Each structure stands twice: as C-alpha cells, then as structure tokens.
Amino acid sequence: MSKDHNSNIVGKVLYEYQTLSSTNDEALSLIKKGVVEEGTLVTTQHQTKGRGQMGTIWQSDPGENITISVVLKPGFLEISEQFYLNKAVCVALRFFLSDFIQLARVKIKWPNDLYIDDHKIAGVLIQNVLQGHIYQWAVIGIGLNVHQCKFGEDLINPTSLSLVTGQQYHLDNLKSKLYEKLDLYYREIKQQKRVLDDIYTESLYKVGQIIDFHLPDGASFKGSIVGVEESGALKVSEVNGIQHKFRIKEIRY
C-alpha cells in the first residue's frame, strides 16, 4: 500500500498486487474490513477472474492491460441516481483515450463499454454498497486493453490500444493519466450531476443512426438511440416514432 499526498480524490491510496482474482472483490473486501478511504485504488498486473456486466467474463493477459478498481463515496447522489457515476467514468475513459486516438473514433456503447470504431477496448463494472437509503460506497472496476493482441474466440470484437495505434506504452504512465481523468470528471458531477448529460449522449455509439435492435425473445426491430434516462435506461425510437425504454440486458445492438 502507498499513499499520495496530492489534492486529488482518485489515487489517494494505492494497493498494488501481482495477481488478484478480481480487483473489485479486493476493493469490496477492504470496505468490509473498514480500512478504506475515498479515492483508494486497487490494481493488479494479472486479474484471473475479472467480470463484466451481468456476470460476463473480462479476459486479460498478465502484464498486458490496465485492470483497476476505484473506491468512491458518492453520498451526494440518491440511490436512484447511480447512473450519473457511470456517465462520469465512461466520459473520463473516452477523453483519456482521445489523447491517443481521434475523439470521433472513441464512443461509449451503452451501458458501460468503450469502443474504437466498432471494436471494444474497455469495460466498466460498478458495484454499489448501500446502507438503507444512503449510497455509501461505489467500487468502479475498469478493464482497458493496452498491449494485448490475441483474444479468446468467444470475444466478438475486441481491440487494444496497441492494435489501434501500433504503439507500445508504459502502463504506469497510462494509469496516472487515467487517474487524473477519473478525478476530473468525478469532481464535475460532484459539483453539478447533470453537467455531463449532453456530452454522454453525444458520445454514445450509434446514437441517432437507424440500426437493428434485438430483444431477449428473439424479436428485432429497426430504430435509433435518442438518449438515456436518469435511471440509466436506454431510450430508443422505432422508425415509426414509437419510443421505448430498456434496462440493461433487455436489448442489444
């Protein structure tokens, strides 16, 4: 464990490990033990059982990528407003990636993935600790593909920073820049939670385009993304103008 005495929230305390099953699990364990403070970071060179949204697996080769968890204390948000934190993290990742890749190529695929063109480069998993009606803690897990060039066949469209740019990077330098961006946009929503609404909507992958949407029962329809509700539900308009709202895993595109 190491401490940073600068004024940033994100990165005040850093726990670094060679190997962990899950950085989120370790962060949640630290919360349970009562030895954590806001801004604590947990990072590992090799995450063996990383998870994505709704139990999906996040694959990461040892020493190739960034796998971190950030512990925040977003008590300024109501429990029903949790998605504002997702917005801040995804926008931070987008602008972090824009330091290396043209911003127009970097998009947020609802609800929690970062895409370069049509390929996934990063994912976010937020796990919350609630106490009654109080939003006590949030653990933000981030997996970002940096140097990995080979992926499992079950992954449809992965990519990495090196595959896109042809460059190699110093992971610690990348992490420091990422922490700065996370801190910046977290402070933004602490001051005004709606400040990122328009930026987030404009950043959405395929927003405003007529595309195919698929439902769990096998049905599909054509429509366009028009925005996201405060709750995080995706707002979609069919080509006939009828609008729908979908929660996570209720629709894919």
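The values are calculated or read from the model by the stated rules, or taken from the named source; none is laboratory data. Bear in mind that the values here come from a model prediction, so they are computed numbers and not experimental data. Quick reminder, even Gly has a Cβ in these numbers, built from the backbone with ideal geometry, and neighbours come from all protein chains shown.
Considering each residue of segment 155-176 in turn, none proves to be on the phi < 0 side of the Ramachandran plot, of a type in the set (Phe, Trp, Tyr) and not assigned by TED's automatic domain parsing to the domain that holds SER7.
In the set LEU130, LEU77, LEU93, only one residue is under 17 Å from GLY232 (Cβ atoms) and free of Cβ contacts under 8 Å to residues at least 60 places away in the same chain; that residue is LEU130. Among the residues of segment 67-90, those identified as more than 16 Å from VAL139 (Cβ to Cβ), surrounded by fewer than 23 Cβ atoms within 10 Å (Cβ to Cβ) and of a type outside the set (Ser, Thr, Tyr) are PHE76, GLU78, GLU81. Here segment 178-193 is the region considered, the condition is being of a type in the set (Lys, Arg) and in contact with a helix residue (DSSP H, G or I) (Cβ under 8 Å, 6 or more places away or on another chain), and the residue that is surrounded by the fewest Cβ atoms within 10 Å (Cβ to Cβ) is LYS193. Note on segment 147-164: among residues that are touching a strand residue (DSSP E or B) at 6+ places or on another chain (Cβ under 6 Å) and under 22 Å from GLN45 (Cα atoms), the one that is surrounded by the fewest Cβ atoms within 10 Å (Cβ to Cβ) is PRO158. So which pairs qualify, if the first residue must be in segment 27-45 and of a type in the set (Ser, Thr, Tyr), the second must be at pLDDT below 95 and not in a strand (DSSP E or B), the Cβ gap must be under 8 Å, and the two must be at least 6 apart or on different chains? What qualifies is THR40/LYS12. Criterion applied to LYS222, LYS235 was being part of a strand (DSSP E or B), without any contact (Cβ under 8 Å) to a residue 60 or more places away in the chain, under 20 Å from the mean Cα position of the chain (by Cα) and not assigned by TED's automatic domain parsing to the domain that holds PHE76, and the one residue passing it is LYS235.
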